[in-house]
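Peer 1: Take this structure, written in C-alpha cells, and hold onto it; I'll ask about it next.
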Amino acid sequence: MANAYPTGGASFLRSLVRTKPAAAIVGEGGQGEGGRLKRTMGLAQLTMFSVGATLGTGIFVVLGEAAPLAGPAVVLAFVLAAVTALFSALSYAELAGTIPVSGSSYSYAYATMGELVAWVCGWCLLLEYAVSVSAVAVGWGQYLNEFLGGTVGITIPTALSAPPGPDGGVVNIPAIAVVLLATWLLLRGASESATANGVMVVLKVAVLAFFCVVAFTAFNSANLAPFAPMGVAGISAAGAKVFFSYIGFDAASTAGEEAKNPTRDLPRAIMLSLLIVTVSYVLVGLAAVGAVHYTELGESEASLAMVLTSTTDSAWPAVVLSLGAVIAIASVVLVVLYGQTRILFAMSRDGLIPRVFSKVSPRRQVPAANIWIVSAFVAVLAGFIPLGELADATSIGTLFAFALVNIGVMILRRTSPDLPRSFKTPLFPLTPVLGAAFCVFLMTQLGHSTWIAFLLWSALGLVVYFGYGRRHSRLAKGDTGMRNAAGGEG
C-alpha cells in the first residue's frame, strides 16, 4: 500500500496516489466537527433506505423515455441494467462490510486507489446523488398535476410546474417544494428521516402492486410484437438509460456511520434492496408494455398514470397511482439527498472540501449546514434544468463510480488480504471484473453530449482538487487528530 502520510519531500505523483488505511477510515466513524453522528438504524431501516432511494425513479419517471428505444424489450433492458447493478452490488456489499463509513465509494477508493481517484469518485458522486435528486424532483411535479387534476380539477400552470424549455416552463415550483420538504425531515434527525422513508416505501410498493393488478387485466399479447423492433442496439441503449432507475441501491452504504451493526447489516441491506427493486421493475415494465403499445409510453413523463387511464377508461386508478407516486418519489428525494450530505461529510472530514460540511449539530446530531447547502443547490437544479439531461448525466457519473468500486474490491483483496470481511464477493475475481466491464459498456452507450458534460464536469473537479483539496488534505498534513478523537470506534 502507498505511504498513507508522505513527507514534504514526497514526489508530486506519489502525493496523488497516497492512500488512507482502511483502519483509519473506520476509526473516524461518526466523528465530525464538534459532534458525532448517532447510530440508530437496523437492517430493516437500511434496506428501506436503499429501496426508498431506488424504487420509483425509473418506473415512475424514465420508463416513458426508454420504451421507444427498445420497444417491448424494454423489459430486457431492465434485466440488463439489473445484471450490471448486481455485479456492482456484490462489490459494494463486500466493501460496505469491510469499511462501514458514510463516504461510500469515495471512502473505498481512498483506501485502495489513492486520494486523486477518491476525489474524482466523490466528484462523480456529486453528479450521481445531487443531480439524480433534481431529476426525480422534476418528475414529481408531473404526478402532482395528475393527482390535482383528478381530484380537485385544477393543475399548476406549465410555467410554474416545468423547467425552462419548449413547453413554456419557467420554474418548476413543485420540484423545489419536494426538495424543501426532504430538507425539513433531514434536519429533524436520521431516525426520524428513516421512519418517514419506511412509511413511504410501504406505500410505494403497494401502489406498484395496484398498478400491476390493473394493467395485467388489460394485457394484450399483440402489444409485444415485434418484441425488439430496434434489436440488440435498442435494448443496449435503453439499458443505459434505465440504469438510472437502479441508482440508489448503494444508499445504505452512505449510512455506515449511523447503522447499529454496519458490518453485518450493510451487505444484507444492499442485496435485499436490489432484489426487491429488480422484481418490481420487471413486473411493472411487463405490465405496462402489455397493456398499451410501447410508442404510447413516450408521450408523457407520467407514463404509468397514462397506462391506467387508457386501459380502464376511468380516472380514479390514475389518481390513486399519482397520489402514490407523489409520496413515493418524495422518498427517493429524501434518501438520495441524505446520501449526498453524508458523502460530503466524509470528504469534508478528510479536508478535501470546507469543514462546514462536516460540522455536526449537537442538538439533532446531523450535519445541518451541509444539509442546507446541498438542498439549496439541488433545489436550483430541480427548478431550472430539464429531466432528460439530468438523468443521462447522472447515469454516466454513477457508472464511473461503480466501476471504481469493482476495481477497489480487487485492489483491497491484494493490498489488505487480512482485513475482517463480513461479506465476500463470490466468484472473485470474475464478479468485479464483469462488474467493471458492464459499467464501461453501458457508459459507451450514452450520447456524445452526455460524455462531453461528464468530461467537463471531471475537468472542473480536477481544478477544484488542485486549487483547494490537495492543499487542505488532512492526509497530506499527517493530521490524525480526528481519528484519535474518534477513539477508534467503528
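The values are calculated or read from the model by the stated rules, or taken from the named source; none is laboratory data. All values derive from a computational prediction rather than experimental measurement. Cβ sites come from the backbone with ideal geometry, for glycine too, and all protein chains shown count toward neighbours.
Peer 1: For segment 98-121, which residues satisfy the criterion of being surrounded by fewer than 24 Cβ atoms within 10 Å (Cβ to Cβ), over 19 Å from Gly478 (Cα atoms) and of a type in the set (Gly, Ala, Ser)?
Peer 2: none
Here is a yes/no grid of residues against (1) modelled with pLDDT of 85 or more; (2) polar (S, T, N, Q); (3) closer than 23 Å to Ala135 by Cα:
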{"residue": "Glu257", "(1), (2), (3)": "no, no, no"}
{"residue": "Arg268", "(1), (2), (3)": "yes, no, no"}
{"residue": "Thr278", "(1), (2), (3)": "yes, yes, yes"}
{"residue": "Tyr281", "(1), (2), (3)": "yes, no, yes"}
{"residue": "Leu286", "(1), (2), (3)": "yes, no, no"}
{"residue": "Val307", "(1), (2), (3)": "yes, no, yes"}
{"residue": "Ala315", "(1), (2), (3)": "no, no, no"}
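Peer 1: Oh, and also: Hey, Ile154 hits all of (1) more than 30 Å from Leu37 (Cα to Cα); (2) buried (at least 17 other Cβ atoms within 10 Å of the Cβ); (3) among the aliphatic types (A, V, I, L, M); (4) in contact with a Leu (Cβ under 6 Å, 6 or more places away or on another chain) but one; which does it fall short on?
Peer 2: (2)
Peer 1: Of all residues in segment 29-40, how many are at pLDDT below 75 and either within 25 Å of the chain's Cα centre (by Cα) or buried (at least 16 other Cβ atoms within 10 Å of the Cβ) (or both)?
Peer 2: 7
Peer 1: With the condition kept exactly as written, say whether any residue in segment 397-406 is modelled with pLDDT under 85, closer than 28 Å to Gly114 by Cα and not small (Gly, Ala, Ser).
Peer 2: Yes, segment 397-406 has at least one match.
Peer 1: Step by step: first the residues of segment 218-228, then only those that are in contact (Cβ under 8 Å) with a residue 12 or more places away in the chain and assigned to a helix (DSSP H, G or I), then the one that is surrounded by the fewest Cβ atoms within 10 Å (Cβ to Cβ). Which residue is that?
Peer 2: Going through the qualifying residues, I end up with Ser221.
Peer 1: Okay, next question. Tally time: how many residues in segment 320-355 are in contact with an Asp or Glu (Cβ under 8 Å, 6 or more places away or on another chain) and surrounded by fewer than 19 Cβ atoms within 10 Å (Cβ to Cβ)?
Peer 2: Total satisfying the criteria: 1.
Peer 1: Restricting the first residue to segment 411-422 and requiring it to be without any contact (Cβ under 8 Å) to a residue 40 or more places away in the chain, which pairs with a second residue that is surrounded by 15 or more Cβ atoms within 10 Å (Cβ to Cβ) and in a loop (DSSP other than H, G, I, E, B) meet a Cβ separation below 8 Å and a spacing of at least six or different chains?
Peer 2: Within 8 Å, the pairs are Arg413/Phe428.
Peer 1: While we're on this one: Answer yes if at least one residue in segment 229-241 is in contact with an Asp or Glu (Cβ under 8 Å, 6 or more places away or on another chain) and either surrounded by fewer than 18 Cβ atoms within 10 Å (Cβ to Cβ) or in a helix (DSSP H, G or I) (or both), and no otherwise.
Peer 2: Yes, because at least one residue in segment 229-241 is in contact with an Asp or Glu (Cβ under 8 Å, 6 or more places away or on another chain) and either surrounded by fewer than 18 Cβ atoms within 10 Å (Cβ to Cβ) or in a helix (DSSP H, G or I) (or both).
Peer 1: Scan segment 361-378 for residues that are in contact with a strand residue (DSSP E or B) (Cβ under 7 Å, 6 or more places away or on another chain) and modelled with pLDDT of 90 or more and jot them down.
Peer 2: Pro367, Ala369 - these are the residues of segment 361-378 that are in contact with a strand residue (DSSP E or B) (Cβ under 7 Å, 6 or more places away or on another chain) and modelled with pLDDT of 90 or more.
Peer 1: Then there's this: Which of the helices (runs of 4 or more DSSP H) contained wholly in segment 254-358 include at least 2 residues that are under 24 Å from the mean Cα position of the chain (by Cα), closer than 30 Å to Thr19 by Cβ and in contact (Cβ under 8 Å) with a residue 40 or more places away in the chain?
Peer 2: 262-291, 316-349
Peer 1: Suppose we filter Ala315, Ala288, Ala251 for residues that are out of contact with any strand residue (DSSP E or B) (no Cβ under 7 Å at 6 or more places or on another chain) and surrounded by fewer than 24 Cβ atoms within 10 Å (Cβ to Cβ); which single one remains?
Peer 2: Going through Ala315, Ala288, Ala251 in turn, the sole match is Ala315.
Peer 1: Among the numbered conditions (1) out of contact with any Phe, Trp or Tyr (no Cβ under 9 Å at 6 or more places or on another chain); (2) of a type outside the set (Ser, Thr, Tyr); (3) within 23 Å of Trp119 (Cα to Cα); (4) free of Cβ contacts under 8 Å to residues at least 40 places away in the same chain, tell me where Asn370 comes up short.
Peer 2: Result: Asn370 fails condition (1) only.
Yes or no, residue by residue, for (1) in contact (Cβ under 8 Å) with a residue 40 or more places away in the chain; (2) of a type outside the set (D, E, K, R); (3) surrounded by fewer than 16 Cβ atoms within 10 Å (Cβ to Cβ):
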{"residue": "Trp123", "(1), (2), (3)": "yes, yes, no"}
{"residue": "Leu127", "(1), (2), (3)": "yes, yes, no"}
{"residue": "Ser132", "(1), (2), (3)": "yes, yes, no"}
{"residue": "Gly139", "(1), (2), (3)": "yes, yes, no"}
{"residue": "Thr158", "(1), (2), (3)": "no, yes, yes"}
{"residue": "Ala177", "(1), (2), (3)": "no, yes, no"}
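Peer 1: Just to be sure before I move on: is Thr425 touching an Asp or Glu at 6+ places or on another chain (Cβ under 6 Å) and part of a loop (DSSP other than H, G, I, E, B) in the structure I sent?
Peer 2: So Thr425 passes the test.
Peer 1: Something else now. Please enumerate the residues belonging to segment 170-196 that are in contact with a helix residue (DSSP H, G or I) (Cβ under 6 Å, 6 or more places away or on another chain), within 12 Å of Ala137 (Cα to Cα) and in a helix (DSSP H, G or I).
Peer 2: The answer is Ile173, Pro174, Ala175, Ile176, Val178, Val179, Ala182.
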